[in-house]
Each structure stands twice: as C-alpha cells, then as structure tokens.
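Q: I have a structure here, written as structure tokens, and I will follow up with some questions on it.
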Ligand SMILES: [Ca+2]
Ligand SMILES: [Ca+2]
Ligand SMILES: [Ca+2]
Ligand SMILES: [Zn+2]
C-alpha cells in the first residue's frame with residue numbers, strides 16, 4: 001500500500017526490529033560446516049548459525065525455526081519470508097562478528113575505572129581513539145605487563161574457536177577480570193586490510209556494548225568494509241557508549257569535523273529521498289548509504305546498506321536509479337557518471353559519463369529517472385526539463401516537466417511507478433510531506449513527447 005504520503009501518517013509499516021542485545025559467545029561456529037556454495041551445506045550451516053547468533057535450541061521444531069530465520073532476516077534488512085533464499089544465505093556468509101545478535105546482557109557490564117590499559121599497535125590505538133573521543137575513558141598502552149584488554153590473534157588449529165578463513169573474523173569479551181575485555185582475531189584472515197573496522201567493532205564489545213540492528217552502526221554484527229567509507233562511530237554507537245560512561249568534556253570539538261552520522265529513519269517527516277526505483281517486484285528507496293526495500297507481499301519495509309546488496313560497486317548519495325526490465329539492468333546515477341549492473345554485477349566499462357547517453361554538456365547530473373516497463377523507454381528529469389531515452393537513443397531536445405505534469409513542481413527528488421499504474425513523484429522543496437501521485441496516461445504522455 002503506497003498511500004498516505006503525508007506528514008501525519010507514516011506509510012511504512014510500524015513493526016519494530018527485534019531487540020538488539022548480545023553477550024560473548026565463546027564457541028563461535030566451532031563445529032560449523034565450512035562456508036561454501038554447495039546447496040547440501042545450508043541446512044547444517046543454518047542450524048549452527050541460528051544456534052550461535054540467534055540463541056536457537058537445536059530441539060526446536062521447523063515452525064520455530066522459521067520464526068528464527070525471520071528474526072535473522074529482519075535483523076539484516078532482508079525479506080522476512082522465513083525461507084533460506086539465496087540472498088539470505090549470501091548475507092549469512094558475510095564476514096561477521098562471533099558474538100550473538102539476540103542474547104540479553106545486563107546494562108551494568110562496563111569498566112568501573114576511567115583508565116583502561118591495553119597492549120596495542122598503532123591501528124588499535126586509532127580504533128580506541130574513536131571511542132575515547134566521545135567518552136571520558138583514557139587508554140594507556142602497556143607493553144610489558146598484564147593489561148585490562150589483551151589482544152590475540154588465534155589460529156583455528158589450536159584450542160581457539162575460530163572457523164578458518166571467512167565467516168567469523170573476531171570476537172571479544174565484555175568488561176571484567178582476566179579474559180574480560182580481551183579481543184581475539186581469527187589469524188586465518190587476511191588482516192592486511194579491514195583490521196581497523198573490525199577492531200573498532202570488537203573494542204565496542206570490550207567496553208560493554210552489544211550488537212545493534214542499526215545497519216549504520218559500527219556495532220552492527222556484519223562488518224562494513226565499503227572502501228569508499230572511512231569507518232566512524234555512528235550516532236547510535238555514540239549514544240550507547242555515552243549511556244555507559246558519560247560524555248567526553250571535549251566531545252563537541254573532537255567530533256566537529258566528522259559528527260557521528262545518524263541513520264535516516266523512515267518515519268522522519270523531513271526525510272527526503274535521493275532516488276527510488278522498482279526492482280523486480282520491490283520498490284527501493286535510496287538515502288545516503290542506505291536503502292529501504294518495499295515488497296508488495298510484506299507489510300514491513302526493511303532498511304539496509306546499499307553496499308550490502310551491491311558491495312564495492314554502487315556509490316552512496318545517489319541522484320537517480322531505474323530498472324530497465326527490457327535489458328535486465330539496473331542503472332545508477334551520481335553526478336556526471338552512471339553505473340550499469342546486471343544481476344548485481346557491474347557491467348564492463350562502467351562507470352561512464354552521462355554524456356555518453358546523449359545529454360548535452362550543460363547537463364551535469366540527473367535529478368530522477370523513470371522507466372516505463374510496458375513501453376520500454378526511460379524519462380530523465382533535470383531541473384524543469386525531462387528527456388526521453390529509448391532504444392539507447394536520447395530524443396534530441398528535452399520537454400518541459402510542466403507541460404507533461406502541470407501539477408508537479410520542480411526540481412523533483414525521485415520518481416517511480418507503483419503497481420504499474422501510478423507514478424509517484426517525490427519532491428525536494430516539500431520533502432515527503434506533499435509527495436504527489438498522478439494517474440499515468442500513456443497516450444497523453446506519448447503525444448506530448450512527439
Ligand atoms: Ca582482560
Ligand atoms: Ca574466520
Ligand atoms: Ca534524486
Ligand atoms: Zn560483535
């Protein structure tokens with residue numbers, strides 16, 4: 001139901017994500033099956049995954065198992081079908097932390113002193129700095145003697161619980177004596193990259209934080225290795241750590257250059273979208289690094305990182321996106337470049353300049369794109385103009401948006417078909433509050449374009 005795009009009613013589902021707390025899990029995936037694409041593996045793999053990360057008892061029946069799968073799917077912004085789909089399996093196989101996503105932990109598990117010692121190389125000190133910048137905690141590097149936080153790299157061949165290359169990359173222990181606060185890294189991984197991002201996350205546990213279902217948070221259980229995004233604490237991480245330890249007196253000046261980013265929330269009345277597109281049966285809404293996916297058969301919408309579906313290819317802060325069902329591609333626009341993907345893979349030679357589509361040089365970016373599935377052509381919006389693109393050819397001169405859709409103020413944020421019948425325009429100056437719907441009249445539109 002794509003109705004009620006107004007400031008009082010949120011058209012998204014109100015169902016909340018599952019609780020997001022966890023506790024150390026000492027035997028992460030120790031006996032799990034190796035991660036591979038053989039379809040006979042998933043059943044055992046699923047069992048182990050749910051047992052370790054979703055507190056599933058192996059004796060539960062298939063009905064409860066489905067509920068557990070749905071819980072996991074919701075946590076990761078997947079369609080909560082309860083089925084072990086290819087996409088679900090792909091998400092489960094992503095590098096992640098070894099701690100549970102659902103186990104309860106007391107809120108008082110924290111260090112009671114302000115000076116915490118650790119044995120740390122430079123990369124770890126950088127990771128700690130992110131946490132100490134926002135709290136009154138001070139970290140002292142201690143080389144020779146025992147530290148509060150000890151860091152180890154383990155190999156799966158010794159008594160450690162790691163799972164070889166991939167899967168679980170690291171885990172940590174909540175604050176406490178001895179092993180408490182310690183951080184273990186799987187030494188079978190290639191640590192020449194990504195160590196910084198994993199360390200920030202694990203240090204969050206060492207300070208007493210559990211997993212967050214906020215996909216923009218450092219404490220999200222799957223690590224974010226987007227090469228275009230320098231890891232930093234999100235608003236959610238900062239809020240949670242400050243709840244435990246209080247605020248660094250210099251918090252504002254220390255974070256002034258890069259304030260903790262807030263994950264956009266779908267019911268924010270001031271939310272605007274960068275782009276919207278159909279994708280098979282779904283409608284995808286893009287904002288910053290995130291997207292929401294709306295499936296016609298499911299009430300709830302799911303938020304996830306764009307990079308979780310298209311790792312390393314599609315940039316954040318997009319201008320426009322459309323799906324061309326005739327050519328079976330999805331096309332993304334940002335600035336004067338566009339990216340074409342077929343079945344989640346970037347086509348060769350992309351990104352390309354939008355001038356290769358036939359835009360004149362005065363056009364520096366695209367506001368929105370609308371693909372007409374039945375007729376097989378695309379309309380691009382740039383300011384108060386729109387351009388018709390068909391069979392890989394751009395119509396020579398643009399039309400005015402006002403002429404085609406007199407009620408629509410320009411520029412627009414995004415446009416999409418919904419149900420194949422309505423075009424929904426999302427408008428910049430009024431944000432979502434007055435998004436406009438108009439019944440599409442193909443005859444009228446075609447006549448105007450010629
Ligand atoms: Ca310790
Ligand atoms: Ca591993
Ligand atoms: Ca846009
Ligand atoms: Zn974790």
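The values are calculated or read from the model by the stated rules, or taken from the named source; none is laboratory data. Since this is a predicted model, take the numbers as computed values, not measurements. Cβ sites come from the backbone with ideal geometry, for glycine too, and all protein chains shown count toward neighbours.
Q: From the residues in the range 128-157 that are surrounded by fewer than 12 Cβ atoms within 10 Å (Cβ to Cβ) and away from ligand 2 (no atom under 16 Å from the Cβ), which one is nearest to residue 260 (Cα to Cα)?
A: Among residues in the range 128-157 that are surrounded by fewer than 12 Cβ atoms within 10 Å (Cβ to Cβ) and away from ligand 2 (no atom under 16 Å from the Cβ), the one nearest to residue 260 (Cα to Cα) is 140.
Q: Free of Cβ contacts under 8 Å to residues at least 40 places away in the same chain and surrounded by 15 or more Cβ atoms within 10 Å (Cβ to Cβ) - does that describe any residue in the range 315-322? Walk me through how you get there before you give the answer.
A: Step one: of the range 315-322, the residues free of Cβ contacts under 8 Å to residues at least 40 places away in the same chain are none.
Checked against the condition, which is being free of Cβ contacts under 8 Å to residues at least 40 places away in the same chain and surrounded by 15 or more Cβ atoms within 10 Å (Cβ to Cβ), the range 315-322 yields no hits at all.
Q: Which of the strands (runs of 3 or more DSSP E) found entirely inside the range 109-179 contain at least 1 residues meeting this: within 16 Å of ligand 4 (Cβ to nearest atom) and within 23 Å of residue 192 (Cβ to Cβ)? Break it down stepwise before answering.
A: Numbers: elements: 115-118, 138-141, 151-154, 168-172.
Correct list: 151-154, 168-172.
Q: How many residues are more than 18 Å from residue 271 (Cβ to Cβ) and in contact (Cβ under 8 Å) with a residue 60 or more places away in the chain if we restrict to the range 398-419?
A: Total meeting the criteria: 2.
Q: Answer with yes or no whether residue 287 is without any contact (Cβ under 8 Å) to a residue 24 or more places away in the chain, within 16 Å of ligand 3 (Cβ to nearest atom) and out of contact with any strand residue (DSSP E or B) (no Cβ under 6 Å at 6 or more places or on another chain).
A: Yes.
Q: Return yes or no: is residue 346 away from ligand 1 (no atom under 16 Å from the Cβ), over 24 Å from residue 408 (Cβ atoms) and buried (at least 16 other Cβ atoms within 10 Å of the Cβ)?
A: yes
Q: While we're on this one: Out of (1) surrounded by fewer than 21 Cβ atoms within 10 Å (Cβ to Cβ); (2) within 16 Å of ligand 2 (Cβ to nearest atom); (3) in contact (Cβ under 8 Å) with a residue 40 or more places away in the chain; (4) under 29 Å from residue 255 (Cα atoms), the odd one out for residue 196 is which?
A: (2)
Q: Here's a check for you: in the range 160-185, which residue that is more than 14 Å from ligand 1 (Cβ to nearest atom) and more than 19 Å from residue 218 (Cβ to Cβ) is surrounded by the most Cβ atoms within 10 Å (Cβ to Cβ)?
A: Taking the candidates together, the pick is 162.
Q: Among the candidates 333, 359, which residue alone is part of a loop (DSSP other than H, G, I, E, B) and in the same structural domain as residue 423 (by TED's automatic domain parsing)? Show your work before the answer.
A: Working: 333 fails: part of a loop (DSSP other than H, G, I, E, B).
Testing whether each residue is part of a loop (DSSP other than H, G, I, E, B) and in the same structural domain as residue 423 (by TED's automatic domain parsing) leaves just 359.
Q: So which of 207, 254 ends up being in contact (Cβ under 8 Å) with a residue 12 or more places away in the chain, more than 13 Å from residue 97 (Cα to Cα) and either in contact with a strand residue (DSSP E or B) (Cβ under 7 Å, 6 or more places away or on another chain) or within 13 Å of ligand 4 (Cβ to nearest atom) (or both)?
A: Result: 207 is the single residue among 207, 254 that is in contact (Cβ under 8 Å) with a residue 12 or more places away in the chain, more than 13 Å from residue 97 (Cα to Cα) and either in contact with a strand residue (DSSP E or B) (Cβ under 7 Å, 6 or more places away or on another chain) or within 13 Å of ligand 4 (Cβ to nearest atom) (or both).
Q: Consider residue 185 carefully, then state whether it is at pLDDT 90 or above, within 16 Å of ligand 4 (Cβ to nearest atom) and in contact with a strand residue (DSSP E or B) (Cβ under 6 Å, 6 or more places away or on another chain).
A: It is true that residue 185 is at pLDDT 90 or above, within 16 Å of ligand 4 (Cβ to nearest atom) and in contact with a strand residue (DSSP E or B) (Cβ under 6 Å, 6 or more places away or on another chain).
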